[in-house]
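Structure first, then comments.
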Amino acid sequence: MKIPYYPGCTLHERALDFDKASRECARALDIELEELDIWTCCGAVFPLTTDSVMDILAGVRNLAYAARLGDKVVTLCSFCYNVLKRTNKVMREDPEKREKANLFLKADTEAREKIESYLKEDYVGQVDVLHYIEMLRDVVGFDKIRERVKVDLSGLKVAPYYGCMLLRPKNEMEFDDHEQPTIFEDFLEAIGCEVVDFPMKTECCGGFQVVREEDTAVACSQNVVNSAARRDADIIITTCPLCRYNLDVLQKQMEKNVSGFRKLPVVYFTQLLGIALGIDEEYLDFSDNYVDPRPLLAEKSLV
Amino acid sequence: MRLKLSSEVVKGDLVERVEELSGQNLSACYQCGRCSAGCPVVEEMDIVPSEVIRLLQLGQVEPTLESETIWICASCLQCASRCPRGVEFSSICDALRAIVLRKRLGGTVVDADEVTRTMVSDAPQMGVVGALRKLNG
């Protein structure tokens, strides 16, 4: 089965490891992620000011590109998911912004030249925005994944980190319970890991503030990593390349801040899925991680 | 802080602008402080979220525009998630930033040249794009 896929800029450049593992896992589960034939950056942040139509146009344009290929679009990055899902809701429910955005889109001659069939009709929210984990649960099914597991992960204690963008605002994201989500726990249970619940799983890693002031993100991320470490986790999983960067790379600073700091590897959830499905190591690239997960995985005989 | 209040001050144009831009009803807040308690970056703020809202309720927009707070918010929306009255402090922050940035009241918070030198090869694009859009307008 083919499903339209929007990678977004980070998975196209810095998080190639995430993109590669996720595509290969989908293939192993009989799904082909069909990358949109044309796409741009979604804008990364959804505007919280109410008068802004210009700031949602990038999201609308990508949704309109996706609408030519099917009734769903799958994405992995938490920021892309948040922007596309919230933008889609605006296009479904706000007639004034919908009309303005469509006027802007129709004036886009460059896109029309590139794609003949571009925007024959208004974009009114025809596409459903799905996160990859929702695709695993609703399209593939966790039971099918359970049947496909080839490698026993039962000795691995995994802390699922959700962060902010999948969950909030709850009324618009409608992803899971905003305080006590369980979808990643259900997923981890399906691939046979030992799930570690920890209180900071929905707290912020500092996000884009790392660009303004690294210490802000170090303080936030340190709370998250320590919280998982105190619950005796071996490893943290995430679906957001910025969370991965803050939680993983900033451990360099955390080591300096805290004596006896216990480092924890942070990997993408599809990298762990790949191990469980017995996917070839060439698709599971851990060379970009600051805290190398390979010694841990080797100790548990998983690589 | 000693304030002289009048209906003109409390219902000033700028306060209305903040409500309009943020889409938030400032008078819904009854100062329980859960936004400040739940905020992951509150320790760095000079005026905590619930205090910003209180100042705005009293028509005191200027001190909020001059605060560090509005540049420290990471838009994680934990404030909104915890608020019993449905107020999104992050949206109020975006509105206050927009007022400063659109009027070019101050310098830029993030130096784009500096970011290019230090972060672009290292940090995920989403972080750089997000920071520049949120903090530089």
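Nothing in this text is a laboratory measurement; each read-out follows from the coordinates by a stated rule. This one's a predicted model, so the numbers in the text were calculated from it and none came from an experiment. Neighbour counts are summed over all protein chains in view; Cβ atoms, including those assigned to glycine, are modelled from backbone coordinates with ideal geometry.
Quick rundown of the values:
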read-out: Percent RCO, i.e. relative contact order, over chain A, from Cα pairs under 8 Å lying at least 6 residues apart; value: 19
read-out: Solution diffusion estimate, µm²/s, Stokes-Einstein, chain A, Kirkwood Rh from C-alpha pairs, 4 °C, viscosity 1.567 mPa s; value: 65
read-out: Whole-angstrom gap from segment A:3-76 to segment A:117-147, using each part's C-alpha centre; value: 11
read-out: Label-to-label distance, nm, for residues given as A:Glu194 and A:Tyr290 (7 Å Cα→Cβ offset); value: 2.7
read-out: Trypsin sites (Lys or Arg not before Pro) within segment B:77-126: DSSP coil, no more than 15 neighbouring Cβ in 10 Å; value: B:Arg85, B:Lys103, B:Arg104
read-out: Value at 222 nm in deg cm²/dmol, rounded to 500, when DSSP H runs of n ≥ 4 in the protein assembly as shown each add -39,500 (n - 2.57); value: -12500 deg cm²/dmol
read-out: Paramagnetic label zone (point 7 Å from Cα along Cα-to-C-beta, B:Ser7; backbone N under 19 Å) in segment B:45-77; value: B:57-60
read-out: Cα gyration tensor shape for segment A:17-98, rounded if a/c is under 1.5, else prolate or oblate; value: prolate
read-out: A:Tyr5 long-range amide H proximity, modeled H, under 5 Å; value: A:Glu34, A:Glu35, A:Leu36, A:Val74
read-out: Cysteines without a disulfide-compatible partner [chain B; Cβ-Cβ under 4.7 Å]; value: B:Cys29, B:Cys32, B:Cys39, B:Cys83
read-out: Cα-based Rg of segment A:142-299 normalised by 2.2 N^0.38 Å, two decimals; value: 1.02
read-out: Separation of alpha-carbon centers, segment B:1-36 and segment A:188-227, rounded to whole Å; value: 33
read-out: For segment B:7-106: rounded, prolate or oblate by the Cα gyration tensor [a/c cutoff 1.5]; value: oblate
